[in-house]
Amino acid sequence: METKIGYLRLEWSETQETVDFLARKTLQHEQKLRIWADKN
C-alpha cells in the first residue's frame with residue numbers, strides 16, 4: 001500500500017511538471033504571436 005501511494009505521488013508530481021512545462025510553452029507561443037501581431 002505504501003509503495004502504491006509513493007508511486008501515485010511521483011506520478012502526480014510528474015504530471016504537474018508536464019502541465020507546468022506545457023503552460024510555459026503556451027505562454028511563450030502566445031507572447032511571440034502578440035509581438036508578431038503588433039509588428040504587422
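The values are calculated or read from the model by the stated rules, or taken from the named source; none is laboratory data. Since the structure is predicted, the reported quantities are computational estimates derived from the model, not experimental observations. So basically every Cβ, Gly included, is an ideal-geometry build from the backbone, and we count neighbours across all protein chains shown.
Every residue in the chain that is assigned to a helix (DSSP H, G or I) and either in contact (Cβ under 8 Å) with a residue 12 or more places away in the chain or polar (S, T, N, Q) (or both), please.
Quick first cut of the chain, residues assigned to a helix (DSSP H, G or I) only: 2-39.
Selection gives 3, 13, 15, 16, 18, 26, 28, 31.
So, of the residues in the chain that are acidic (Asp, Glu) and more than 16 Å from the chain's Cα centre (by Cα), which turns out to be modelled with the highest pLDDT?
In the first step, residues of the chain are kept if they are acidic (Asp, Glu); the result is 2, 11, 14, 17, 20, 30, 38.
Narrowing further to those that are more than 16 Å from the chain's Cα centre (by Cα): 2, 38.
Working: 2: 79, 38: 95.
For the chain, the residue satisfying everything is 38.
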